[in-house]
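J.: Have a look at this one.
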Amino acid sequence: MEKENSFFQRVYKVVEKIPYGRITNYGAIARYLGSARSARMVGWALNQTKFQVPVFPAHRVVNRQGLLSGKKHFGGHDTMAQLLLSEGVQVVENKIVDFADRYWDPIKELPPISVWLDNEK
DNA sequence: ATTCTGACAGCAA
DNA sequence: TTTGCTGCCAGAA
């Protein structure tokens, strides 16, 4: 069990806000949360959301090159790619085709994390 | 308690 | 341009 406002919890809150059909990357989330060098941990956090119900949109997070680096953690074969395809996001050879157009940056789209946290108190 | 290992990314060489 | 090291946080051994 983690603390309520642990880094992990924050990651989840941000990922939940990623719009349908849009994607972002690990680094962007880390930066948004104020620890720019924790991109790695974002992935680690998502790893704990496997097989969660309702489906946690972890498939909307890829690495900065648009590659589905977390693919293997979705069990089966191309589950991650298929989830994306079902949202209209084209994937070719583990890579998102129109990455730039689909890109969603939490830093631009969401209010500052500080404001957000206040809101929930 | 200490050490290791990640779904990454930035920077030094 | 490519490779390698390091930071960051949490959990497992």
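Just so it is clear, none of the values below were taken in a lab; they were calculated from the coordinates. Just so it is clear, the model here is predicted, and its values are computed rather than measured. Here the Cβ positions follow ideal geometry from the backbone for every residue, glycine too, while neighbour counts run over all protein chains shown.
J.: What shape does the stretch A:54-95 have by the C-alpha gyration tensor, where a ≥ b ≥ c are the square roots of the eigenvalues, rounded means a/c under 1.5, and otherwise prolate means a/b greater than b/c and oblate the rest? Working shown, then result.
T.: Numbers: a/c = 1.31, a/b = 1.20, b/c = 1.09.
Rounded.
J.: While we're here: How high is the relative contact order of chain A? Use alpha-carbon pairs under 8 Å, at least six apart in sequence, and give a whole percent.
T.: Relative contact order for chain A comes out at 28 percent.
J.: Calculate the dipole size of chain A relative to its Cα centre from +1 charges on Lys and Arg beta carbons and -1 charges on Asp and Glu beta carbons; express the result in debye to the nearest 20.
T.: Here the size comes out at about 340 debye.
J.: I've got another one for you. Highest GNM mean-square fluctuation, chain A, Cα pairs closer than 10 Å: which of A:38, A:86, A:69?
T.: Result: A:86 has the largest fluctuation of those listed.
J.: If amide hydrogens are placed 1.01 Å from N in the peptide plane, which non-local residues have theirs closer than 5 Å to the one on residue A:25?
T.: Residues meeting the amide H criterion: A:62.
J.: Could I ask something else about it? Within the stretch A:73-99, name every residue whose backbone N is under 17 Å away from a label modeled 7 Å from Cα of residue A:65 along the Cβ vector.
T.: A:91-99
J.: So what J values fall out for the stretch A:74-79 if you push phi through Karplus, 6.51 cos²θ - 1.76 cosθ + 1.60 with θ = phi - 60°, rounded to Hz, Gly and Pro as x?
T.: Result, rounded to whole Hz: 9, x, x, 8, 10, 3.
J.: So, in Å, what gap is there between the alpha-carbon centers of the stretch A:1-75 and the stretch A:80-108?
T.: 14
J.: Here's a follow-up. Based on alpha-carbon positions alone, could you give the equivalent ellipsoid semi-axes of chain A from the gyration tensor, as √(5λ), descending, whole Å? Let's see the in-between values first.
T.: Working: eigenvalues 108, 51, 32 Å².
With the √(5λ) rule applied to chain A, the semi-axes are 23, 16, 13 Å.
J.: A further question follows. For every helix of n ≥ 4 consecutive DSSP H residues, a contribution of -39,500 (n - 2.57) applies; sum these over chain A, divide by its total residues, and give [θ] at 222 nm rounded to the nearest 500 deg cm²/dmol.
T.: Value at 222 nm, helices only, nearest 500: -10000 deg cm²/dmol.
J.: Output the Cα-based Rg and Dmax of the stretch A:1-47 in Å, rounding Rg to one decimal and Dmax to a whole number.
T.: Taking only Cα atoms of the stretch A:1-47, I get Rg and Dmax of 10.2, 31 Å.
J.: While we're looking at this one, here's another question. How long is the gain from residue A:118 to residue A:48 if the chain were fully straight, where each residue apart is worth 0.36 nm and the alpha carbon distance is subtracted?
T.: In short, 22.6 nm is gained.
J.: What's the local net charge at residue A:83, with K and R +1, D and E -1, over the other residues with C-beta under 12 Å away?
T.: 0
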